[in-house]
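Below: one structure, written as structure tokens.
The values are calculated or read from the model by the stated rules, or taken from the named source; none is laboratory data. Everything quoted here is computed from the prediction, not taken from an experiment. Cβ atoms come from the backbone with ideal geometry, glycine included; neighbour counts cover every protein chain shown. To get the accessible areas, we keep the full protein, side chains included, count just its heavy atoms, and leave off ligands, DNA and RNA. Shrake-Rupley method; radii C 1.70, N 1.55, O 1.52, S 1.80 Å.
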Amino acid sequence: MSLRTSLIADGAHVNAQRPWSRAIVSAEVWQRAARAAGDGLATMLGLWSDGAAVHLCLGEEPISAPFVVSLHCSSGRFPSVAQWHAPADRLERSICDLYGLTAEGAPDTRPWLDHGRWGLRHPLGERTSVPADGARYDFRSAEGPPLHQIPVGPVHAGIIEPGHFRFTANGETVVRLEERLGYVHKGIELLLAGAPIDRAAKLAGRVSGDSTVAYATAFARAVEAALEIPVPDRAHWLRAIMGELERLANHFGDIGAICNDASFSLMHAHCGALRERVLRCADACFGHRLMMDRVVPGGVTQDLDAAGTARLRELIGDVRRHFPELVDLYDNTASLQDRTVTTGILKPDLAKPFGASGFVGRASGRQCDARRWPGYAPYTSLTLETPVRAEGDVDARVWIRIDEVTQSLGIIEQCLEALPRGVVSSPVPVRAAGSKGAE
């Protein structure tokens, strides 16, 4: 019997849960699920709360269909997952900050999101007014001579999110690194509570501006699954085109930024120019450089016309002419190789228990690509290779991005060739306030 079958069978199955199985379980079954994640039998895909219960989403190894186990927290407490599975630590601390639910046995109970500046405690639970005068954060120390500590941030150069980092080092060897984030926590969960679907979709697309298509697509798919909304085929393919344009823009930006961090500004400039061409193409095709508010529950808000198709084909040819020269420049510049090869290594045996995904996971040997697993339309109908490397260093992560640029160009071409005719959205049913949805 699989872990999924065993855990779901030992709980109360929630029939209204879509699209993945969910069961309400006892504390004993909850702990079995946590131990399974800690033992490497499953990958933790999510840990969150709604205030009344905590929910743990797992995918078995080798990767199969995700499933969710839920535990009611009538006493305001639940068995810590982090005591068996370290990646759950910050998620549990976030649950405590937002809802006031306590993870019993947690190895770390320091606040994570709450810096003592909100003027209230547990904003999604029993809201309590408190002074907004800030709270001390106790960074953990490391012992052993001779060590020195380097503080960085929270204010950084450029436009990256603020974050405070404490490096404890012995020469060039970093013994401990602690991060403190949450300086620009936006409270999106509270803003989403009770919001109409169209308003909620706008909020979801603004979680991260350079990934607005990704966030908007995830939210739209969740709504569509919950309300069983049929999405027109053409909308699926247009979403894929938008998603791959967004992927291209981010990869060009990242490759250039990495090279700039290594003091090779020439690559930064050329990659920035390619990124700008992608953003201009997105604007010409979909009316917005970041394609914000173009993906909504039920489909998309902007169709692609013949002029847009021509612009996309022009962009593909442009990138294929110029990007290989930049790849050669990266690969044959010794100063870059000195700074990326064998630097910042994430070993595969650490990437696996932390469930590292995206280009980070793929650069450390993990076959993880949400377009293929769990998979969604239209990617299940496309020819798609998932580049994987095992070195786990900065160089491997750059090469994953380089390989994915080629993949994204091919995917856009496939979408243009197979793009079906028809409407681009379906109506979203409106439910009366206070009506019950899924359990």
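I'm trying to understand the selection: among the residues of segment 61-83, which are in contact with a Cys (Cβ under 9 Å, 6 or more places away or on another chain) and either open to solvent by 50 Å² or more (accessible area, probe 1.4 Å) or of a type in the set (K, R) (or both)? Working first, answer last.
Filtering segment 61-83 for residues in contact with a Cys (Cβ under 9 Å, 6 or more places away or on another chain) gives 63, 66-69.
Within segment 61-83, I63 is the sole residue that qualifies.
Which residues, counting only those in segment 288-308, are open to solvent by less than 40 Å² (accessible area, probe 1.4 Å), farther than 14 Å from I197 by Cα and either without any contact (Cβ under 8 Å) to a residue 12 or more places away in the chain or in a loop (DSSP other than H, G, I, E, B) (or both)?
Selection gives M291, M292, L304.
Is one or more of the residues making up segment 387-397 open to solvent by less than 40 Å² (accessible area, probe 1.4 Å) and farther than 30 Å from D349 by Cβ?
No: zero hits.
Which of the residues spanning segment 209-236 are over 28 Å from T309 (Cβ atoms) and surrounded by fewer than 17 Cβ atoms within 10 Å (Cβ to Cβ)?
In the first step, residues of segment 209-236 are kept if they are over 28 Å from T309 (Cβ atoms); the result is 222-223, 225-228.
A222, A225, A226, L227, E228 - these are the residues of segment 209-236 that are over 28 Å from T309 (Cβ atoms) and surrounded by fewer than 17 Cβ atoms within 10 Å (Cβ to Cβ).
Is it fair to say D254 is acidic (D, E), assigned to a helix (DSSP H, G or I) and touching a residue at least 60 places away in the same chain (Cβ under 8 Å)?
Criteria met by D254.
Just checking, how many residues over segment 145-189 are closer than 22 Å to I95 by Cα and open to solvent by less than 80 Å² (accessible area, probe 1.4 Å)?
Step one: list which residues in segment 145-189 are closer than 22 Å to I95 by Cα, which gives 161-164, 178-189.
Those still in the list that are open to solvent by less than 80 Å² (accessible area, probe 1.4 Å) too: 162-164, 178-182, 184-185, 187-188.
Result for segment 145-189: 12.
Between residues in segment 88-103 that are more than 17 Å from F354 (Cα to Cα) and residues that are in a strand (DSSP E or B) and open to solvent by 30 Å² or more (accessible area, probe 1.4 Å), which pairs lie under 6 Å by C-beta distance while being six or more apart or on different chains?
T102/R77
Look through R18, R22 and report the one residue that is within 25 Å of the chain's Cα centre (by Cα), assigned to a loop (DSSP other than H, G, I, E, B), of a type in the set (K, R) and surrounded by 15 or more Cβ atoms within 10 Å (Cβ to Cβ).
Only one candidate qualifies: R18.
Looking only at segment 1-15, filter to residues that are assigned to a helix (DSSP H, G or I), in contact (Cβ under 8 Å) with a residue 24 or more places away in the chain and closer than 25 Å to A226 by Cβ; which one of those is least open to solvent (accessible area, probe 1.4 Å)?
L7
Specify which of the listed residues (R110, R35, R77, R90) is within 26 Å of V14 (Cα to Cα) and under 25 Å from the mean Cα position of the chain (by Cα). Explain how you work it out, then say what you get.
Details: R110 fails: within 26 Å of V14 (Cα to Cα); R77 fails: under 25 Å from the mean Cα position of the chain (by Cα); R90 fails: within 26 Å of V14 (Cα to Cα).
Of R110, R35, R77, R90, the one residue that is within 26 Å of V14 (Cα to Cα) and under 25 Å from the mean Cα position of the chain (by Cα) is R35.
Counting just the residues of segment 1-31 that are touching a strand residue (DSSP E or B) at 6+ places or on another chain (Cβ under 9 Å) and of a type in the set (K, R), which one comes out modelled with the highest pLDDT?
R22
Condition (residue is surrounded by 19 or more Cβ atoms within 10 Å (Cβ to Cβ), of a type in the set (D, E) and under 26 Å from I24 (Cα atoms)) applied to segment 84-93: is it met by at least one residue?
yes
Would you check if D369 is surrounded by 14 or more Cβ atoms within 10 Å (Cβ to Cβ), closer than 22 Å to A216 by Cα, free of Cβ contacts under 8 Å to residues at least 24 places away in the same chain and not β-branched (V, I, T)?
yes
Criterion first (open to solvent by 60 Å² or more (accessible area, probe 1.4 Å), assigned to a helix (DSSP H, G or I) and β-branched (V, I, T)) does T380 satisfy it?
Details: open to solvent by 60 Å² or more (accessible area, probe 1.4 Å): yes; assigned to a helix (DSSP H, G or I): yes; β-branched (V, I, T): yes.
So T380 fits the description; yes.
Take the residues in segment 331-369 that are in a helix (DSSP H, G or I) and basic (K, R); name whichever of them is modelled with the lowest pLDDT.
First, pick out the residues of segment 331-369 that are in a helix (DSSP H, G or I): 331, 334-340, 348-351, 358-362.
So of that shortlist, the ones also basic (K, R) come out as 339, 362.
Details: R339: 93, R362: 96.
Among those that are in a helix (DSSP H, G or I) and basic (K, R), it is R339.
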